[in-house]
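The next block holds one structure in the form of structure tokens; read it before the comments.
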Amino acid sequence: MSEYKVVGYSLPQIDARERALGLAEFVSDIKLSGMLHGRILRSPYPHARILHIDTSKAKALIGVKAVVTAEDTPKIRFGPRTDDWAILAMDKVRFVGDEVAAVAALDEETAEEALGLIRVDYEELPAVFDPLEAMKPEAPLIHDKERNIVSEFKLAKGDVDQAFKESDIVHSASYYTSQVYQAYLEPMACVTDIDLTGKLTFYLATQIPSMTRLTYAKALNLPLEKIRVVVPYYGGAFGGKMETNLHLAAAVLSQKTGRPIRMVNPREEDFIAGNPRVPMYIDLKMGAKKDGTLTAKEVSVIGAAGGRAVYSMVIVATACYRVDSLYHFQNLKTEGVTAYTNTVPTGCFRGFGNAQMTFAIESSMDMIAEAIGMDPAELRIKNGLKTGEVSIHGWKIGSSGLTECIRKATEASGWREKRAQKRSARGIGLACCNHVSGNRAFAREFDGGAGIVRVGREGKVLVYHGESDMGQGQRTIFAQIVAEELGVPVDRVEVARVDTDISPFGLGSFATRGTVFGGNGVKAAAADARRQIFELAAEMLEANPVDLEAKEGKIFVKGAPEKNLPFQKVAENGLYKRGGAPIVGTGFWVPDTVLPDPVTKYGNISPAYPFACQIAEVEVDTETGEVKMLSYVAAHDVGRAINPQTTEGQIQGGVAQGIGWALMENMVTERGRVINPNFRDYVIPGPLDLPPIKPILVEPIDPNGPFGAKGIGEPALNPVPAAVANAIYNAIGVRITELPISPEKILKGLKAKK
Amino acid sequence: MKYSLVLTVNEENVEFQINPNRTLLEVIRNDLGLTGTKEGCGTGECGACTVLLDGEPVNACLTLALQAHGKRVTTIEGLSKGGTVHPLQEAFITYGAIQCGFCTPGMILSAKALLDRKPKPKEMEIREALIGNLCRCTGYQKIVEAITSYVKDH
Amino acid sequence: MMHLNKFEYLSPSSLPEVFELLERYGTRAKLVAGGTDLIVQMKEKRIAPEVMINLLEVPELQRIERCDAGIRIGATVKLSALESSSTFQREWKILASAAHGVGSPQVRNRGTIGGNLCNASPAADMAPSLLVMEAAVTLAGRKGEREIPLESFFTGPGLTVLRSDEILKEITIPTTPQHSFGAYLKLGRRKSMDLALVSVAVLLTLNRNKETCERTRIALGSVAPTPVRASETEKMLEGKRPDEKLIQEAAQCAEKECRPISDIRSTATYRKEMIKVHVRRAILQALAAGR
């Protein structure tokens, strides 16, 4: 039972109806008058110089309205964080799938046919596919740099060598986390439109509507005000829908034809030219005392960026040091390298480097627990950061529910009893994680959230925010927060779709920031609207604004409840009094987070830190190597669950995605080409592959989050591969350190044991 | 050369002259403008394009439109004709079975077809009926719970 | 969206019409039934037929009829019909199991038994169970019909003995001998919809006392250029008492008999090992059904 009226309740999503009825207009459903269909011609080679492109035959095909190459673009190098992108390849192609040309035609079939008529003469170049190889000085160079290094990360604190000497146990292991695909159900899609002034409107599936404008303005050499981004319904993202050349190629076609362009990736192209997870080689050495106190951590991370840098270097950096604020550490030595490779550019995927590193550290923690004869759960509790503590990098843990998560998860899963039994080929494993709710370091310009709340004459509330609902239920959370602030039922609140012409500049949905930043932003705006409402109501009720409260759709005088007015009446009266002006509340929220010091990385980068503990139970078929998931418990510190049902859904989805990564998903490549670019051979979990997933919500009530809430999106996935690997180890004594944990690897491990 | 295609879609008769290389999915989305049926993969793996053909779930992306000639097609829009939401859709809404919603139309139609055949399925039978419908957001759990609740309440 | 090439579409309503069209168009035409394999191949640009001949309007191909020998299944009978048929579940159980394991409900509501066989994947889901039941296929054309054992039908990955003027008309399955017990196992990369990494069908006909294997039929899928009978393994078991030791030896023999390749889905080594495991398990499952 929540102490609030709307916040804390499992209300159905405010837009579930449209989605259930098939009436929600997704990006790939949009149809504009005069719309043409676009397709992209992609490189068949991993690394090649472009000698000549002949588009004449394609242009001559009936129904084709434009064929564009780099010559039709400003030929500016740009990128979300670097300058190594080109809308369409200028001199070289750097991965199979790289964008070379684009076509707009009256229908998709003609556009597809036109692609086959474009002739490109390539000169193949030596290519390199593995980051370890690409880092070497003699590797073929992919960009105009001396080495194929996008960036390096170095961090050291204390004295690891001394600390290892003083440790009772030192554990070293090498891990590999695979490149996996987000597999959102709606492929990347956009519709671009252009007006007579040259202003482009992008209807995008994008997590970052406002930041995208910055990147695209540079790429198209347009003033920012000539770029408008609108975010319709879209079918999932999980990190994969940030900036992409698909949108820019469509924009160029709109510029060329003066018409709207629809561009949707066929699924195969989405596989080969999407933004899969950064694969990483992780070498991890940890020291501990025999009482379980962690003493030191030395880690090296090498990640593949692919043919150009999306966010991979930020992801590698995150892998390098986010877990440092999960446990107490005094001595650290960390090195990270992000290297270009002639493979599909890697990008954000739920967990953002922390997921990769969590697999490594939580596997190692388990081995350390075994070596010192300590319960893995107790080892985590002992070292985990608690409420009020400050981590080695200055992260202020305003609330930590980690211990409670561990206690609740172990209780709910029967941990103690199951660990004590000897159950043939059955095992139970535990893993924890930390994460952020927003990251000051992601965008240099600012961090914060803002909102606009409009109350019309009918008392209907319209909320404007600048973030992005990719299906995780963000709009519903915002509606609940605003409804709570204004004291109205949630069905009186609508959340407008993001339109950068009107909406506040939202940094977007990443780093699990939506609930805290977007939520606090709209909360502040609602509070401003409420202030204005109270001023109006005070006059009408002949009371003092400070004596008023809003609930159940009415404005009451505290202590004299018979003196009240319906919310709608106050709004209507206000509008009539003020020349027809609706009540518009604006607000923003800026936490006192800081950019980390460039050398020491010291600085509190997030206003709230979620934690989690997950426990997996498995049964291994020792003859086939198949792993059956028997049960799964996921206890998550979410601060406060604004909507428990939505939060549970996120947890279950994240666990499912993590199980896929742990056991069955693998992008198989041959000379840089993805050879399983379809759901037939890139298998993700189906309904028969998942156990019952029991979510447990732990609510320590964070001081900074809206109504005490923190985020859930990424923590839902972070611990999964380690929990599964630890369960498998508990079941059959085989430790797998490379993802995916395939049946073949399990059989190999069992054989080696004999 | 165009061929005559006659279909009953959501209980309405429709007629087209189409090229034979059109799939049922294309006709539904482009010619009829019914965009509730989605394309997720185009190769029959994800089930986002699921429609009921003479009451049975099929992948519209793999069905030649002409092979559906003379048949009854039900799309997600057909479940709530006249504006009344089907109780199965209500169950999905109430029990949190919808996140991004892209898999939802196909998922609901597959579930409906199961329930028309077998009104009281067990959980395993529900899961088996949905193996042709991929979902990446929910982990399937609340979808199964929504269907189970619907079965209990009806 | 991947588009299908332009083609001419014909929808005959009788077998003689089908034969006439095949004679006229020969290799320019492809026969389409459920399309669940064919349309995918066309979208992936592996084939681009000029003419498509729809078989779904030919009533002769849709019939299931008992006959003296056993039962005849028309080539365009849907997999969903076989899966749910109480007749097959009772009398040819492993066939119903095999049909149940194909793809998804959506695929089974379109896919046909004839299409599955003519697509001739080494992993063809219906083949192993039909092989152990010693099914025969009737190939028909204008010149007449010929019946051949299914074992002789497949010639290589995607290849059959069908001539360009013939269609697969029906599959005849003999009545299952008394005291026969079968099992069908399919291993995938996940439990939900998947292609077979390996598959095994077993049909054991025990003697009256149910002590010895009077007749043994074992078929393997995905481990050779075509679905195959494990004839050496069958010989090992025939006339013998299947104890744990013999079953183990039979499994090892099956491992040696198969010739899998490594591909995107699995390795030859793993497939061989899995044949050994699944032949053993299938035999045990069949014997358990007999008790």
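The values are calculated or read from the model by the stated rules, or taken from the named source; none is laboratory data. These numbers come from a predicted model, not from an experiment. All Cβ positions, glycine included, derive from the backbone under ideal geometry; neighbour counts span all protein chains shown.
Yes/no per residue for (1) within 14 Å of another protein chain (Cβ to nearest Cβ); (2) crowded, with 23+ Cβ neighbours inside 10 Å; (3) in contact with a Ser or Thr (Cβ under 8 Å, 6 or more places away or on another chain); (4) of a type in the set (S, T, N, Q):
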position	(1), (2), (3), (4)
A:T192	no, yes, yes, yes
A:K199	no, no, no, no
A:Q207	yes, yes, yes, yes
A:A217	no, no, no, no
A:V230	no, no, yes, no
A:M242	no, no, yes, no
A:V252	no, yes, yes, no
A:Q255	no, no, no, yes
A:M263	yes, yes, yes, no
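Within the range A:571-600, track down each residue that is under 23 Å from A:R440 (Cβ atoms) and of a type outside the set (V, I, T). The answer is A:G587, A:F588, A:W589, A:P591, A:D592, A:L595, A:P596, A:D597, A:P598.
Per-residue answers, yes or no, for (1) touching a Leu at 6+ places or on another chain (Cβ under 8 Å); (2) crowded, with 24+ Cβ neighbours inside 10 Å:
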site: A:T293; (1), (2): no, no
site: A:A304; (1), (2): no, yes
site: A:Y311; (1), (2): no, yes
site: A:V316; (1), (2): no, yes
site: A:Y327; (1), (2): yes, no
site: A:L332; (1), (2): yes, no
site: A:V344; (1), (2): no, yes
site: A:E378; (1), (2): no, no
site: A:T387; (1), (2): no, no
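Scanning the range A:101-128 for residues that are out of contact with any strand residue (DSSP E or B) (no Cβ under 7 Å at 6 or more places or on another chain) and part of a loop (DSSP other than H, G, I, E, B), we see that the one that is farthest from the other protein chains (Cβ to nearest Cβ) is A:P126. Scanning the range C:219-255 for residues that are closer than 23 Å to C:N209 by Cα, touching a residue at least 24 places away in the same chain (Cβ under 8 Å) and outside any helix (DSSP H, G or I) gives C:E238, C:G239, C:K240, C:R241, C:P242. The strands (runs of 3 or more DSSP E) found entirely in the range A:577-644 that carry 2 or more residues being β-branched (V, I, T) and assigned by TED's automatic domain parsing to the domain that holds A:V720 are A:611-620, A:627-637.
Applying the criterion of being surrounded by fewer than 23 Cβ atoms within 10 Å (Cβ to Cβ) and outside any loop (DSSP other than H, G, I, E, B) to the residues of the range A:662-692, the residue that is nearest to the other protein chains (Cβ to nearest Cβ) is A:E670.
Restricting attention to the range A:1-21, which residues are among the basic types (K, R), within 12 Å of chain B (Cβ to nearest Cβ) and touching a residue at least 40 places away in the same chain (Cβ under 8 Å)? Can you show your working first?
Restricting attention to the range A:1-21, the residues satisfying the condition of being among the basic types (K, R) are A:5, A:17, A:19.
Now restrict to residues that are within 12 Å of chain B (Cβ to nearest Cβ): A:17, A:19.
The one that is among the basic types (K, R), within 12 Å of chain B (Cβ to nearest Cβ) and touching a residue at least 40 places away in the same chain (Cβ under 8 Å): A:R19.
Can you confirm whether the range A:556-569 contains a residue that is over 30 Å from A:K710 (Cα atoms), outside the structural domain of A:A725 (by TED's automatic domain parsing), under 41 Å from the mean Cα position of the chain (by Cα) and of a type in the set (A, V, I, L, M)? The answer is no; no qualifying residue exists.
Quick check, is B:T94 more than 13 Å from chain A (Cβ to nearest Cβ) and either at pLDDT 95 or above or more than 14 Å from the chain's Cα centre (by Cα) (or both)?
Working: more than 13 Å from chain A (Cβ to nearest Cβ): no; either at pLDDT 95 or above or more than 14 Å from the chain's Cα centre (by Cα) (or both): yes.
Spelling it out, it is not the case that B:T94 is more than 13 Å from chain A (Cβ to nearest Cβ) and either at pLDDT 95 or above or more than 14 Å from the chain's Cα centre (by Cα) (or both).
All of B:A48, B:A60, B:A91, B:A97 fail the test of being of a type outside the set (V, I, T), without any contact (Cβ under 8 Å) to a residue 40 or more places away in the chain and crowded, with 24+ Cβ neighbours inside 10 Å, apart from B:A60. Does the range A:32-45 include one or more residues that are among the hydrophobic types (A, V, I, L, M, F, W, C) and in contact with a Phe, Trp or Tyr (Cβ under 7 Å, 6 or more places away or on another chain)? No: the range A:32-45 contains no residue that is among the hydrophobic types (A, V, I, L, M, F, W, C) and in contact with a Phe, Trp or Tyr (Cβ under 7 Å, 6 or more places away or on another chain). Identification of strands (runs of 3 or more DSSP E) wholly contained in the range A:25-72 with 1 or more residues that are out of contact with any helix residue (DSSP H, G or I) (no Cβ under 9 Å at 6 or more places or on another chain) and surrounded by fewer than 19 Cβ atoms within 10 Å (Cβ to Cβ) yields A:48-54. Among the residues making up the range B:116-134, those that are away from chain C (no Cβ under 11 Å) and buried (at least 18 other Cβ atoms within 10 Å of the Cβ) are B:P121, B:I126. Counting just the residues of the range B:61-85 that are closer than 15 Å to B:T104 by Cα and of a type in the set (A, V, I, L, M, F, W, C), which one comes out nearest to the other protein chains (Cβ to nearest Cβ)? Ranking the qualifying residues of the range B:61-85, first place goes to B:I76.
For C:D194, the conditions (1) within 14 Å of chain A (Cβ to nearest Cβ); (2) farther than 30 Å from B:G44 by Cβ; (3) without any contact (Cβ under 8 Å) to a residue 12 or more places away in the chain are fulfilled apart from (2). Being more than 13 Å from chain B (Cβ to nearest Cβ), part of a helix (DSSP H, G or I) and either basic (K, R) or in contact with a Leu (Cβ under 7 Å, 6 or more places away or on another chain) (or both): is that true of C:A124 here? So C:A124 does not fit the description; no.
One residue is enough: does the range A:609-629 have a residue meeting the conditions under 16 Å from A:V724 (Cα atoms), crowded, with 24+ Cβ neighbours inside 10 Å and of a type in the set (D, E)? So far as the range A:609-629 goes, yes, one or more of its residues are under 16 Å from A:V724 (Cα atoms), crowded, with 24+ Cβ neighbours inside 10 Å and of a type in the set (D, E). Based on this model, can you work out whether C:S164 counts as assigned to a loop (DSSP other than H, G, I, E, B) and either touching a Ser or Thr at 6+ places or on another chain (Cβ under 8 Å) or buried (at least 19 other Cβ atoms within 10 Å of the Cβ) (or both)? Yes, satisfied. Being within 14 Å of chain B (Cβ to nearest Cβ), out of contact with any strand residue (DSSP E or B) (no Cβ under 8 Å at 6 or more places or on another chain) and touching a residue at least 12 places away in the same chain (Cβ under 8 Å) is a property that C:V58 has. Restricting the first member to the range C:169-190 and to residues that are within 14 Å of chain A (Cβ to nearest Cβ), and the second to residues that are basic (K, R), the beta-carbon pairs closer than 7 Å and six or more apart or on different chains are C:L185/C:R281; C:R189/C:R265. The number of residues in the range C:144-160 being assigned to a loop (DSSP other than H, G, I, E, B) and either out of contact with any Ser or Thr (no Cβ under 6 Å at 6 or more places or on another chain) or surrounded by fewer than 13 Cβ atoms within 10 Å (Cβ to Cβ) (or both) comes to 2.
Quick check: is even one residue across the range A:30-48 over 31 Å from the mean Cα position of the chain (by Cα) and over 24 Å from A:V191 (Cβ atoms)? So far as the range A:30-48 goes, yes, one or more of its residues are over 31 Å from the mean Cα position of the chain (by Cα) and over 24 Å from A:V191 (Cβ atoms).
Scanning the range C:256-284 for residues that are in a helix (DSSP H, G or I) and either within 9 Å of another protein chain (Cβ to nearest Cβ) or crowded, with 20+ Cβ neighbours inside 10 Å (or both) yields a count of 15. Looking only at residues in the range A:265-291 that are surrounded by fewer than 24 Cβ atoms within 10 Å (Cβ to Cβ), within 14 Å of another protein chain (Cβ to nearest Cβ) and of a type in the set (D, E), the one that is farthest from A:A66 (Cα to Cα) is A:E268.
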